[in-house]
Every structure is written in structure tokens, then in C-alpha cells.
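Please treat every number below as a calculation from the coordinates, not as lab data. Here the structure is a predicted model, which is why all the values come from computation and not from measurement. Reconstructed Cβ throughout: ideal geometry from the backbone, glycine too, with neighbour counts over all protein chains shown.
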Amino acid sequence: MTSRERVLAALAHEATDRVPRLLYEEAIGYTPPIERLLARHCAPKTPREYFDMDVTSVAAAPTVLPRSRFDEYLGRDAERALASGQVDEWGVWWRSGTFHHFARIVSPLRGVQAPDRIERYPWPDLDAAYRFEGVARRVADLHAQGLAVAAFAGSVFEQAWYLRGMEDLMMDMLDAPAAAHGLLERTASYQRRAAEELARAGVDIIITGDDVAGQTGLLMSPAMWREFLRPHLAAAVRAVKEANPSAFVFYHSDGNVEALVPELIATGIDILNPVQPECMDPAAIKRRFGDRLCFWGTVSVQRTMPFGAPADVRAEVEARIRTVARGGGLILAPAHVLGPDVPWENVAAFFEAADATPVPPR
């Protein structure tokens, strides 16, 4: 099977020659220490080529709008922020942190109360046609190479709190719901447009999602999630399916989101990521929801990948394939980006075990 055939078969709960697998970062980028580690061992090939990963990614073209339009909202730090090159197209300043890829987010709408200042905020142009020119051609080229293609359409809650600040947005949801709805509709409108355009371009897997949970449970009540976020998720899924009925919609949230899984299924989500094993039992989630949902991830990045021996990695991969991959429905990956403590031997063991372990039938 080609990689694309394998991925599409797994997502259709059909038989595959092996489980589809990749490193989480293939779709979003590697942490600097892991990027160096992989370059040292995989060169002259890319990590995707070296390990024959099954999924690759595309993205919209970068914006041409100047970052200087955020001067008013970055305030007295504007010159320093813009000179750093760390201000994104939304005007969020991702200040370098003290630990590898970590950053401190400076939210340009934090503390802003005047509605007119929020209304005249210089929004990005992610809805502009030029951002998606050439995407369909890149997707077709990757399909011709036998690869499945994923693309990130954006977030709603996360993007809103990046702009507003987590505390301010959560307080708006409680005390100024109209303001919260307005900001969330702004971020959701860009996600819907990107999702629709990427699906129309032939992307196989449209990535959406928000971190709405911590290790032990949700960051908000299910009722609040239903009010503020579920309608936007459902609208994004509809946009994807109308543009390309064969595309799959992937929903990401770290943490324990088990309470929301039935509602995610009801919105039309096809794939849940990352099924973080420190928070949820992947085998139990498969038993409850595996007839209606696929899974992407499931391998521990808090314990096994950084701190286990290669034998531990092999054992966890084998267990996931025996349980979560039974009858299809699993794209195997670490549950998040690999941190600097992950040794090469564990990366190699992940792929070796994935390829050596047969996918059990239903």
C-alpha cells in the first residue's frame, strides 16, 4: 500500500498492511533539540523520508500584510517586539522563553475594554484568495508521491485567548458574553474559511482544535463549551464536508476531554488527537467510541518516549496497536512534540515496533 492508501484505509476502519505512523511534529515542526537530533541521524534524508512517515502537511501562503500595523496594540514595546521577528500575523508576540521552544505570549488585546478598539483591530487576511493559491497543486504533487496530506485550519478558543489573554477571555465568557462571542466569531470565521479552502484543495485531513482541558478535566464546564465553542466547531465541520465530502476532520485537545467525546462525535469529528495516555486510557476510549471515531497519537511523551528504555517504547507501541488499532482507526504517533530528553534510540524503537507489530483484525 502507498502511505495515502494506508492512511485512508485506516481512517475508514479497513485492513492495512501496517499501522500508519509518524512523529507528531511532521505536521507542526520539531523542537530545536529534536530537529538537531534527527538531522544528525537522518541526513541526508529528511526525517519523513528516513522513516517513511505516512502523512505530510501543507499550509496556506504567508501573509503580505506588514506587522507594523500592530504598533498601537503593542504599545511601548512595539519597536522591540517588531524587531524581534516574533510577532505573528495576528499581532501576538511570542517572546522567547527560557526552555527550548517555550514562549511567553504577549496578548495585544489584553486589558482592552473599549469596543471600538477591538473592532478596529488589524485582523489578518487568512480569508484572502491569494493565501490559498497553489495549495491544490502542492497537494496533487504529494498525492502523486503516495502521501496522505494534512493541513492546519486554525483554532478558535486558543487563538482568541492568544489575542485577549486567557484570564480576560474567560472573564468575558462569564461577565461579558457578547464580547466573548464576538471575538470567538472572529477567530472562528478565519478557521472556517481556511478549512473550506484546504478541503477544496484536496487535503485529506483538516486539522482543527483547541486545548480545552488539563490533565484531570476540562478548563470550562461542558455547558460553557456548548455555548461558546461547539457551534463554531460544527460549522467548520460542515464547511469541510461541503467542500470535500471525502476529507477527514481532526480535532486536537491535550488533556482529559473524555466528557466531550460524545459531543465531538455529534459535531462530525472523524479523528481525535492526541488521546494523551496520562489523562485517558486509549484502550478504554477505543472500546467506547472506536466504532464512531478514529484516533491519532496515544504514545506517551511525558513518560515513555523521554524516560523509558527502547524496550518500554516497543511495549507501549505494541499495546496501542493490539488495542487501539484493532479493526483500523489509528494513526500512531507520540501524543505531542518530542522534548529534548527523548533519545534517538527511542525514536528508532517507535518506528521499529510500529512496523513489526501486525494490526489485529476486528
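Scan the range 69-110 residue by residue and report those that are surrounded by 15 or more Cβ atoms within 10 Å (Cβ to Cβ) and in contact (Cβ under 8 Å) with a residue 40 or more places away in the chain.
70, 73, 90, 91, 92, 101, 105, 107, 108, 109, 110
Restricting attention to the range 190-205, does a residue exist that is touching a Leu at 6+ places or on another chain (Cβ under 9 Å), part of a helix (DSSP H, G or I), more than 30 Å from residue 6 (Cα to Cα) and hydroxyl-bearing (Ser, Thr, Tyr)?
yes
Given the conditions (1) farther than 23 Å from residue 181 by Cα; (2) exposed (fewer than 15 other Cβ atoms within 10 Å of the Cβ), and given that residue 138 satisfies all but one, which numbered condition is not satisfied?
All conditions are met except number (2).
List the strands (runs of 3 or more DSSP E) inside the range 83-156, counting only whole elements, that have at least 2 residues being of a type in the set (Phe, Trp, Tyr).
93-96
Only one residue in 319, 325 is within 24 Å of residue 216 (Cβ to Cβ) and not polar (S, T, N, Q), so which one is that?
So the residue among 319, 325 that is within 24 Å of residue 216 (Cβ to Cβ) and not polar (S, T, N, Q) is 319.
For residue 231, work out the one condition from (1) more than 29 Å from residue 202 (Cα to Cα); (2) part of a helix (DSSP H, G or I) it doesn't fulfil.
Condition not satisfied by residue 231: (1).
Being in a loop (DSSP other than H, G, I, E, B) and among the hydrophobic types (A, V, I, L, M, F, W, C) is the filter here; which residues of the range 14-30 pass it?
Listed by number, the residues that qualify are 15, 19, 22, 23, 28.
Go through the range 265-283 and give me each residue that's surrounded by fewer than 22 Cβ atoms within 10 Å (Cβ to Cβ) and of a type in the set (A, V, I, L, M, F, W, C).
265, 266, 279, 280, 283
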